[in-house]
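The values are calculated or read from the model by the stated rules, or taken from the named source; none is laboratory data. As the structure is a prediction and not an experimental result, all values here were calculated from the model. Heads up, the Cβs are rebuilt from the backbone with ideal geometry, glycines too, and the neighbour counts pull from every protein chain shown.
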């Protein structure tokens, strides 16, 4: 019979903390352990997996390729462990959680998850911040947000819990018809928006002229501009409203590049309530019908 190696969650938790906080001393301060104790736990974990997990360049600590591989498993194993513990420690769920969302996700399927969480956990106060994904990543790194959903500029990014893809669609009012000899009237979010760059890139590749006729930070304003016939834009299927139609390649609108979306958080910094919300967000992502869900990498 094969011998099964068990990876203790306390060692995995220490490993995550060292990577995410950038050092043994910072991890020890959060976990309440000395730096030698943290180093001993990392060595013990390396013995169990039979691989070096961390490398150091000056003061910078980075996971090795083996460490990158283990990090994905470790985050999920610790999350499930903490989810089980939080079920029996429900009285500890209190405080403030700061959530960052792109504007379209603020009105899509995540909204129902957040509403349900607030109803079931009245002692937890949620603060929702909607912004461009690049800004949300900066706020998470600065610890001004606890959990974010944001687009991914790279296949691997720090603090990633779950990743999936969304296929943007060209959307217009049902009665909208565009003249081929005139520029496409575009509605878009502010400069730096991933949808905006995809629309412009697709039209440029097709040698089709365009002009921005509506710009705004909110999804509702953009949807109203489309419904009024003022412009066309890129939306996800979840934000395509009655009264809109999808524009096809036959109409001169090339397929838009898919977008990779991630759920991010710093595990060592998250409260019991935060871990519970992450679990509910993961469940929401797993159940949504739009897009291709992926396991963490």
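Key figures
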read-out: Residues of the stretch 223-251 satisfying the condition of being within 21 Å of residue 203 (Cβ to Cβ), part of a helix (DSSP H, G or I) and without any contact (Cβ under 8 Å) to a residue 60 or more places away in the chain; value: 223, 225, 226, 249, 250
read-out: Selection count where residues are in contact with a strand residue (DSSP E or B) (Cβ under 8 Å, 6 or more places away or on another chain), at pLDDT below 85 and outside any loop (DSSP other than H, G, I, E, B), scope the stretch 97-117; value: 2
read-out: Test: residue in the stretch 193-202 that is closer than 30 Å to residue 63 by Cα and either touching a helix residue (DSSP H, G or I) at 6+ places or on another chain (Cβ under 8 Å) or not in a strand (DSSP E or B) (or both); value: yes
read-out: Which listed residue, of 27, 84, 74, is at pLDDT below 90, assigned to a helix (DSSP H, G or I) and surrounded by 18 or more Cβ atoms within 10 Å (Cβ to Cβ); value: 27
read-out: Residue within the stretch 202-216 that is surrounded by 14 or more Cβ atoms within 10 Å (Cβ to Cβ), modelled with pLDDT under 90 and on the phi < 0 side of the Ramachandran plot present; value: yes
read-out: Any hit, the stretch 253-270, residues being touching a strand residue (DSSP E or B) at 6+ places or on another chain (Cβ under 8 Å), surrounded by 21 or more Cβ atoms within 10 Å (Cβ to Cβ), outside the structural domain of residue 198 (by TED's automatic domain parsing) and at pLDDT below 85; value: no
read-out: Flag if residue 135 is closer than 22 Å to residue 253 by Cβ and outside any strand (DSSP E or B); value: no
read-out: Subset of the stretch 139-175 [free of Cβ contacts under 8 Å to residues at least 60 places away in the same chain, farther than 15 Å from residue 193 by Cα and out of contact with any helix residue (DSSP H, G or I) (no Cβ under 6 Å at 6 or more places or on another chain)]; value: 139, 141, 142, 144, 154, 175
read-out: All positions within the stretch 32-69 that are within 16 Å of residue 9 (Cβ to Cβ), in a loop (DSSP other than H, G, I, E, B) and either out of contact with any helix residue (DSSP H, G or I) (no Cβ under 7 Å at 6 or more places or on another chain) or in the same structural domain as residue 158 (by TED's automatic domain parsing) (or both); value: 32, 33
read-out: Filter result (closer than 17 Å to residue 260 by Cα and in a loop (DSSP other than H, G, I, E, B)) within the stretch 138-163; value: 152, 153, 154, 155, 156, 157, 158, 159
read-out: Failed item in (1) in a helix (DSSP H, G or I); (2) modelled with pLDDT of 90 or more; (3) farther than 30 Å from residue 196 by Cβ, with residue 91 passing the rest; value: (2)
